[in-house]
Amino acid sequence: MREQAHDRRAGRPVAAVRRAGAPLGVAAALGAAVAWVGAVDPGLPGHYPACPLLRWTGLYCPGCGGLRGLHALVHGDLVAALGANALAVAGYAAFAVLWVLWLVRALRTGGGMPVELRAKHWWVLAGVVLVFTVVRNLPFGSALAP
């Protein structure tokens, strides 16, 4: 009887690691990507491909400046990160919060993402990205351009 109780207690950390496998795997993959962007400056030519929309039309896409912003964040420069792409920085922060919630939920219950996005959420997100893209390409929105 005593051995069975001991075995159950010993299995708890293993079960917690199994439940947290997906969020920890995502963190490992994104951590490697962030480390790469932190080590290889996207502001220097030749390391990353140029944005095709910017190259062909001269317009900034919603992602333009996102890698430079991430590089700045890795080096602790929030002002430069926001200047490169404020929407991307907000997206990084939102993802970090959602990831922590996901990890906590996985450890406690083995559940998945704590937020279920419905169609209206995706439409709002698409609207925000569209407005950001249009405004950053207009003269009065030049502060949002990288």
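Just a few scattered comments:
- Near pairs, Cβ below 6 angstrom, 6+ apart or cross-chain, from region 117-145 (closer than 22 Å to residue 68 by Cα) to any residue that is among the small types (Gly, Ala, Ser) and modelled with pLDDT under 95: 135/141; 136/145
- Residue match in region 97-111 (condition: loosely packed, with under 15 Cβ neighbours inside 10 Å, not in a helix (DSSP H, G or I) and not hydroxyl-bearing (Ser, Thr, Tyr)): yes
- Any chance residue 132 is open to solvent by 50 Å² or more (accessible area, probe 1.4 Å) and at pLDDT 90 or above: no
- Residue count for region 26-49 satisfying the condition of being over 14 Å from residue 71 (Cβ atoms) and either β-branched (Val, Ile, Thr) or under 11 Å from the mean Cα position of the chain (by Cα) (or both): 4.
- Pairs are defined by a Cβ separation below 8 Å, a sequence spacing of at least 6 or placement on different chains, a first member in region 20-47 that is under 16 Å from residue 100 (Cβ atoms) and open to solvent by 50 Å² or more (accessible area, probe 1.4 Å), and a second member that is of a type outside the set (D, E, K, R) and part of a loop (DSSP other than H, G, I, E, B); the pairs so defined are 22/112.
- Failed criterion for residue 118 (all others in (1) farther than 24 Å from residue 45 by Cβ; (2) at pLDDT 95 or above; (3) not hydrophobic (A, V, I, L, M, F, W, C) hold): (2)
- Scope region 50-78; condition open to solvent by 80 Å² or more (accessible area, probe 1.4 Å) and either basic (Lys, Arg) or within 20 Å of the chain's Cα centre (by Cα) (or both); matching residues: 55, 68, 75, 78
- The set of residues in region 102-132 being more than 17 Å from the chain's Cα centre (by Cα) and either small (Gly, Ala, Ser) or within 28 Å of residue 84 (Cα to Cα) (or both) consists of 106, 110, 111, 112, 119, 121, 123, 124, 127, 130, 131, 132.
The values are calculated or read from the model by the stated rules, or taken from the named source; none is laboratory data. What you are looking at is a predicted structure, and each value in this text was computed from that prediction instead of being measured. Positions of Cβ are generated from backbone atoms using ideal geometry, with glycine treated the same way; all protein chains shown enter the neighbour counts. Side chains are part of the model used for accessible areas, which takes the heavy atoms of the whole protein and leaves out ligands, DNA and RNA. Shrake-Rupley method; radii C 1.70, N 1.55, O 1.52, S 1.80 Å.
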